[in-house]
Amino acid sequence: MKVLAFNGSPKANGNTFHALQLVGKELETAGIEFEIVHVGNQIIRGCLACGGCGRNQNEQCVIPNDIINECLQKAKEADGILLGSPVHYSGVPGTMKSFLDRLFYVSTSNGNLFRHKVGAAIVADRREGGISTLNELNHFLTYSEMMIPTSNYWNIIYGTTPGEVEQDEEGKQIMRVLGKNMAYLLKVMDAAKGIVTAPEKEDKVYTHFVR
Ligand SMILES: Cc1cc2nc3c(=O)[nH]c(=O)nc-3n(C[C@H](O)[C@H](O)[C@H](O)COP(=O)(O)O)c2cc1C
């Protein structure tokens, strides 16, 4: 089994990376493969809302020359997805937001490729805005019918300079416990294959507030 993590920080070895590694170490100890893809240093434009991914049904975003389509196939093959982000102005940094908007829009427009995968999110911040950023990340997971493991607090770790999160003992425990629970959920879901029948997928009902 494999968990694919996306690091939304512009820094390759910053606090988000350290936090992802803490989760990943527990996954690896439990025998689960772990890989981090660095997203935050890329040039990724926002979704054009053109609907091309839904019309073409080829599991591809029509915007060329960035990592979205490659990452989509990698994520499709993984059993679990871990989203990691620093907090910028109490939210997800722009590059990561563009990445997630497009990755998850292509996925849900092409039959919901991440449905019933295990998904979790973590954030690193200096002081404030962790919860709103964590909520933002969780919106992608919950829209996609993903299975979400929890920890013993909300998945936030504190630090400013790269690596400073290593001094946040409670934050480190939150990441460790999340990693253990994520591994456990992955194994439970794997063991249930062929024994417990997954619920049938319902076609999405789209309504809005004027009709
Ligand atoms: C543009 C920018 C905006 C930030 N906004 C916030 C913020 O709203 N709240 C906060 O606590 N930290 C904020 N920070 C600090 C980072 O979230 C913090 O240093 C974090 O640990 C960085 O993680 P990284 O090393 O993985 O990039 C901001 C940093 C930058 C560069």
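A short reminder: the numbers here are calculations on the coordinates, not readings from a lab. These figures come from a predicted structure and were not determined experimentally. Neighbour counts run over all protein chains shown; Cβ positions are idealised from the backbone, glycine included.
Against the test of being within 15 Å of the chain's Cα centre (by Cα), of a type in the set (S, T, N, Q) and under 16 Å from Ala120 (Cβ atoms), the options Gln21, Gln73 yield a single qualifying residue, Gln21.
Put simply, of Ala121, Ala75 the only residue that is buried (at least 18 other Cβ atoms within 10 Å of the Cβ) and within 16 Å of the ligand (Cβ to nearest atom) is Ala121. Hey, does the range 120-137 have a residue that's free of Cβ contacts under 8 Å to residues at least 24 places away in the same chain and within 30 Å of Pro64 (Cα to Cα)? Yes, the range 120-137 has at least one match. Kindly indicate whether Gly84 is within 11 Å of the ligand (Cβ to nearest atom) and surrounded by fewer than 18 Cβ atoms within 10 Å (Cβ to Cβ). Here the answer is no, as Gly84 does not meet what is asked. Residues that are more than 17 Å from the chain's Cα centre (by Cα) and assigned to a loop (DSSP other than H, G, I, E, B) occur at least once in the range 128-142.
Only one of the listed residues (Lys97, Lys11) is part of a helix (DSSP H, G or I) and either in contact with a strand residue (DSSP E or B) (Cβ under 9 Å, 6 or more places away or on another chain) or among the basic types (Lys, Arg) (or both). That residue is Lys97. Close Cβ contacts (under 8 Å, 6 or more residues apart or on different chains) running from residues in the range 86-97 that are in contact (Cβ under 8 Å) with a residue 60 or more places away in the chain to residues that are of a type in the set (Phe, Trp, Tyr) and more than 9 Å from the ligand (Cβ to nearest atom) comprise Met96/Phe6.
When the range 14-47 is filtered for residues that are assigned to a loop (DSSP other than H, G, I, E, B), touching a residue at least 60 places away in the same chain (Cβ under 8 Å) and either under 18 Å from Asn69 (Cβ atoms) or within 13 Å of the ligand (Cβ to nearest atom) (or both), the ones remaining, listed by number, are Gly14, Val39.
Within the range 28-61, the set of residues being within 19 Å of Thr108 (Cα to Cα) and surrounded by 15 or more Cβ atoms within 10 Å (Cβ to Cβ) comprises Cys47, Gly52, Cys53, Glu59, Gln60, Cys61. Just need a number here: residues in the range 1-13 that are crowded, with 20+ Cβ neighbours inside 10 Å and more than 12 Å from the ligand (Cβ to nearest atom). Summing the residues that are crowded, with 20+ Cβ neighbours inside 10 Å and more than 12 Å from the ligand (Cβ to nearest atom) in the range 1-13 gives 4.
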